[in-house]
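If you scroll down you'll find the structure; I have some questions about it.
Only the coordinates and a few stated rules stand behind these numbers; no lab work does. Because the structure is predicted, anything quoted here is derived from the model rather than measured. For neighbour counting, all protein chains shown are included, and Cβ atoms are generated from backbone atoms with ideal geometry for every residue, glycine included.
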Amino acid sequence: MAVDVTDASFQTDVVEKSKTTPVLVDFWAPWCEPCKTLTPILERTTDATGGQVVLAKVNIDENPGLMQAFGIKSVPTVVIFKDGQPLDAFMGGQPEHMIQNLVTSLLPDPTQVRVHELLEQGTEQALRDAVALVPGNEDAVCSLAEFLVRTGGAEEALTLLPRIPETERVRRIAAAARLSLNPVDDFDDQLQSLLERVRDDEAARQEYLDILQTMGPEDPRTAKYRKQLTARLF
């Protein structure tokens, strides 16, 4: 179902909405003859998506601010919004098959939709199914690895993570996995003990870094211990 958008409601009905759902913005006017053909086509094709693509209609006679903001020179003009930003635009009437192709191109990938549903479920089997669908997807792999670390499967988590590029999230999970295999009761005591060996002992150096990664940059001790590590190594 199309929504009539005004200067006042554009931010909510188009910009914010497009962050989750693609929006076609139809700039039209009551006196525009091509609009009388294009708008019904836009309504039919977007309605057929069941809400996966939304149509927002802007009457330029009643909303001159939006007309000026988008530099609309003639109507009909359709602007495609996605992820909060204008993605593309076209002017003038278009045949229905062209509009259908456009709307279809904006529909979410069924695989990604399924993966999102599985990640939302969050069970072990759902997360494994998500990884099976998209083996190289960071969110799927990391979500399963995090689950495994929490439930005693740290060794398997460490075998999963090399499938994807190393990111801050990957490093954090790997550190947590390694530490869960050799739990540390007191980070301060352990760091002080490891500091004596980090220069020549690779395992000690890795454990030291894992503890810092687990503590995170928000912990005020992290910067201090990183400086001590640097001083010891260099």
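Per-residue ellipticity at 222 nm for the chain, helices alone: DSSP H runs ≥ 4 residues times -39500 (n - 2.57), over residue total, nearest 500 deg cm²/dmol?
When only DSSP H runs of four or more count, the value is -16500 deg cm²/dmol.
Also: To the nearest 20 debye, what charge dipole does region 3-106 have about its Cα centre, counting +1 at the Cβ of each Lys and Arg and -1 at the Cβ of each Asp and Glu?
Values: 7 positive and 13 negative charges, 42 e Å.
Magnitude of the dipole: close to 200 debye.
Let's see if you can work this out: charge +1 on each Lys and Arg Cβ, -1 on each Asp and Glu Cβ, no other charges. What is the dipole magnitude of the chain about its Cα centre, in debye to the nearest 20?
My answer is approximately 500 debye.
Relative contact order of region 14-70: what whole-number percent is it, with Cα pairs under 8 angstrom and at least 6 residues apart? Display every interim value, and only then the final one.
Working: 52 pairs, mean separation 24.4, N = 57.
RCO, region 14-70: 43 percent.
Which percent, nearest 5, of DSSP beta bridges in region 3-106 are antiparallel?
60
Now a separate question. Within 12 Å, Cβ to Cβ, of M1, how many net charges do the neighbouring residues add up to if Lys/Arg are +1 and Asp/Glu are -1?
-1
Next up: Which one of P108, Q94, V14 is farthest out on the positive end of the charge dipole of region 1-131, using unit charges on Cβ (Lys, Arg +1; Asp, Glu -1) and the Cα centre as origin?
In region 1-131, that residue is Q94.
In nm, to one decimal, how far is the modelled label at D189 from the one at K36, with both set 7 Å along Cα→Cβ?
According to this spin-label approximation, the distance is 8.5 nm.
A further question on this structure: What fraction of the DSSP beta bridges in the chain is antiparallel, stated in percent and rounded to the nearest 5? Write down the numbers at each step before the final one.
Numbers: 11 of 19 bridges.
Among the beta bridges of the chain, antiparallel pairing accounts for roughly 60 percent.
Of A140, I164, L229, which is farthest towards the positive pole of region 111-233's charge dipole, taken about the Cα centre with +1 and -1 on the beta-carbons of Lys, Arg and Asp, Glu respectively?
L229
Using a 7 Å offset from the Cα along the Cα-to-Cβ direction at both H97 and R169, what is the distance between the two label points in nm, to one decimal?
Roughly 4.1 nm, to one decimal.
Using the Cα centre of region 111-233 as the reference point, and only Cβ charges (+1 on K/R, -1 on D/E), how large is the resulting charge dipole? Debye, rounded to the nearest 20.
400
Same structure again: For T104 paired with Q85, estimate the spin-label separation in nm (one decimal), with each label point 7 Å from Cα along the Cα-to-Cβ line.
2.7
Kirkwood hydrodynamic radius, region 111-233, all distinct C-alpha pairs: what's the number in Å?
Kirkwood hydrodynamic radius for region 111-233: 15.6 Å.
Helix check for the chain. Which DSSP H runs span at least 15 Å along their own axis by Cα, with a mean Kyte-Doolittle hydropathy no less than 0.5?
Membrane-span-like by this criterion, though nothing is claimed about a membrane: 138-150.
May I ask you to work out the translational diffusion coefficient for region 171-234 at 20 °C, viscosity 1.002 mPa s, via Stokes-Einstein with Rh from the Kirkwood sum over Cα pairs, reported in whole µm²/s?
For these conditions, the coefficient is 183 µm²/s.
Same structure again: Within 15 Å, Cβ to Cβ, of L158, how many net charges do the neighbouring residues add up to if Lys/Arg are +1 and Asp/Glu are -1?
The answer is 0.
Can you tell me the relative contact order of the chain? Whole percent, Cα pairs under 8 Å, sequence separation 6 or more.
Relative contact order of the chain: 14 percent.
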